[in-house]
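Taken together, the values in this text are just the output of simple stated rules run on the coordinates, not laboratory data. Only a predicted model underlies this, so the values are computations on that prediction, with no experimental measurement involved. Cβ placement follows ideal geometry from the backbone for every residue including glycine, while neighbour counts extend to all protein chains displayed.
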Amino acid sequence: MTAAVLHGKEDVRVESVPERALASGEVRVRIRAALTCGTDLKVFKRGYHARMLVPPTVFGHELAGEVCEVSPEAAGLFAMGDRVVAANSAPCGECFSCKAGQPNLCDDLLFLNGAYAQSIVVPRRIVEKNLLKLQPETPFRDAALTEPLACVVQGIHDLKLQPGERVLVIGAGPIGLMFVALAKAAGCEVTVAGRGENRLAKARALGAVALVEIGADGDVLTPCKQSGRTFDVVIEAVGKPECWEAAVQLVRKGGRVNFFGGCPSGTSVNLDTGLVHYSNLTLLASFHHTPSAIREALSWIERGVIRASDFVDADCSLTELPELFRGMASGNRAVKTFIDVTQ
């Protein structure tokens, strides 16, 4: 089959790779939709991911498709032709975190990569825990949003959003936009701080009542304060230390901050301890997703609340993927790109 193989830092090649035989409990999925992701861009720039993959390896993790081969042990769960979406991981169910009700923090998360290919083998654990059948009318493009949306679902649950709350989302990338849609669905009043005319327009279309444009200097704090708005909840969906620090200064007394965007390894932030303490702030950080969040995310998609047309604004063939990632690394402003693995 043809697949994109990561060989190292900013080195992706489209190659012919063998389709391995299925092991016990596995299924093979013919990929019908694969989407780009900010995590994949980080992997491309870095050349590896300490927990998810080691080059040379196929990569990409947002996908949906059709079951095209089933091992005998999985025959009771899936059949040829089933339309499915696969999460990019599954917890073990046995470690302390899993038994404590925090499977997103599993000590032995099993990851799945290889979406930028014609097919993918789904391991037994993911088959059993995080491979979901789609409704007949659910488009593959929509279904491929399940995994990133599940991370946002996790963040929404961690925040315990209430109707009527005033929410500031810092960042108008795909994750920030998904937060807009789900916070709006929760009955919140959403403001978005970001850059890029296209992305801010999408935020407005998804339900943001106010937009704060961030300038080239990256200063989030000044324009948000100048907006005169007050926020019960601030969600940082950028992953920059300066944005984490701004989030703490923008939330009201007694408010909640979710440091959702992961900052580069080794970075740190400076927080005003007096502000945090005397304003009685709740600071939290959401990571990854759970099997229940995967299922809830798919339900949002299948109810039409989250649609690919709101997030996927570019198409690319598999053979053009290396060029696409080089463009993304240099500032391509597409929200998400659909990868046609048949070309």
Among 94, 236, 15, rank each residue by its count of other Cβ atoms within 10 Å, from fewest to most, as a rough exposure measure.
94, 15, 236
Give the percent of DSSP beta bridges with both residues in the chain that are antiparallel, rounded to the nearest 5.
55 percent
Counted neighbours (other Cβ, 10 Å), sorted fewest up, put 288, 157 in the order 157, 288
Specify which residue in the list 63, 291, 328 is farthest towards the positive end of the charge dipole of the chain, using unit charges on the beta carbon of Lys, Arg (+1) and Asp, Glu (-1), about the Cα centre.
291
Helix-derived mean residue ellipticity, 222 nm - over the chain, DSSP H n ≥ 4, -39500 (n - 2.57), to 500:
-8000 deg cm²/dmol
Formal net charge of residues neighbouring residue 172 (Cβ-Cβ distance under 11 Å; K, R +1; D, E -1)
+3
Magnitude of the Cβ-charge dipole (Lys and Arg +1, Asp and Glu -1) of region 149-284 about the Cα centre, nearest 20 debye, reported as 340 debye
Here is the link list: 99/336; 42/99; 9/336; 9/240; 45/240. Which ones come out longer than 25 Å on Cα distance?
99/336; 42/99
Take the Cβ-Cβ distance between residue 213 and residue 110 as r, set R0 to 30 Å, and report the resulting FRET efficiency rounded to the nearest 0.05.
0.15
Give me the extension gain from residue 295 to residue 253: residue separation times 0.36 nm, minus the current Cα-Cα distance, reported in nm with one decimal.
11.7 nm
If you bin the C-alpha pair distances of region 118-169 every 5 Å from 0, what whole percents do you get?
4, 13, 16, 21, 18, 11, 10, 5, 2
Taking the Cα-to-Cβ direction at residue 282 and at residue 7 and moving 7 Å from each Cα, how far apart do the two end points lie in nm?
5.0 nm
Rounded to two decimals, what is the ratio between the C-alpha radius of gyration of region 223-343 and 2.2 N^0.38 Å?
1.37
Gaussian network model of the chain, springs between alpha carbon atoms under 10 Å - residue of 32, 303, 333 with greatest fluctuation
303
Shape of region 1-107 from its Cα gyration tensor (a ≥ b ≥ c, root eigenvalues): rounded if a/c is under 1.5, otherwise prolate when a/b > b/c, or oblate?
oblate
Cα gyration tensor shape of region 149-284, rounded if a/c is under 1.5, else prolate or oblate by comparing a/b with b/c
rounded
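Rounded to the nearest 0.05, what FRET efficiency do residue 272 and residue 329 give with R0 = 41 Å and r taken as the Cβ-Cβ distance? Could you check? Could you put the intermediate results ahead of the total?
Details: r = 35 Å, r/R0 = 0.84.
The value I calculate is 0.75.
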Diffing region 94-111: the Karplus 3J(HN,Hα) column from phi (6.51, -1.76, 1.60, θ = phi - 60°), in whole Hz with x for Gly and Pro, holds 10, 6, 4, 5, 4, 6, 8, x, 10, x, 5, 9, 3, 6, 9, 4, 9, 9
Using θ = phi - 60° and Karplus 6.51 cos²θ - 1.76 cosθ + 1.60, couplings along region 333-342 (whole Hz; Gly, Pro as x):
9, 4, 6, 9, 10, 7, 9, 7, 7, 8
With r as the distance between the Cβ atoms of residue 137 and residue 94 and R0 = 45 Å, compute the FRET efficiency 1/(1 + (r/R0)^6) and round to 0.05.
0.75
Dipole size in debye (nearest 20) for the chain around its Cα centre, Lys and Arg Cβ +1, Asp and Glu Cβ -1?
500 debye
Hey, how many Å between the Cα centroid of region 302-322 and the Cα centroid of region 164-217?
19 Å
What do you get when you divide the Cα radius of gyration of the chain by 2.2 N^0.38 Å, with N the number of residues?
0.99
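List the chymotrypsin sites (Phe, Trp or Tyr not before Pro) within region 1-83 that fall in a DSSP loop (any state other than H, G, I, E or B) and whose Cβ has at most 12 other Cβ atoms within 10 Å.
For chymotrypsin sites (Phe, Trp or Tyr not before Pro) across region 1-83 that sit outside H, G, I, E and B with at most 12 neighbouring Cβ atoms in 10 Å, the list is empty.
In what sequence do 278, 116 fall when counting other Cβ within 10 Å, fewest first?
By the 10 Å Cβ count, ascending, the order reads 278, 116.
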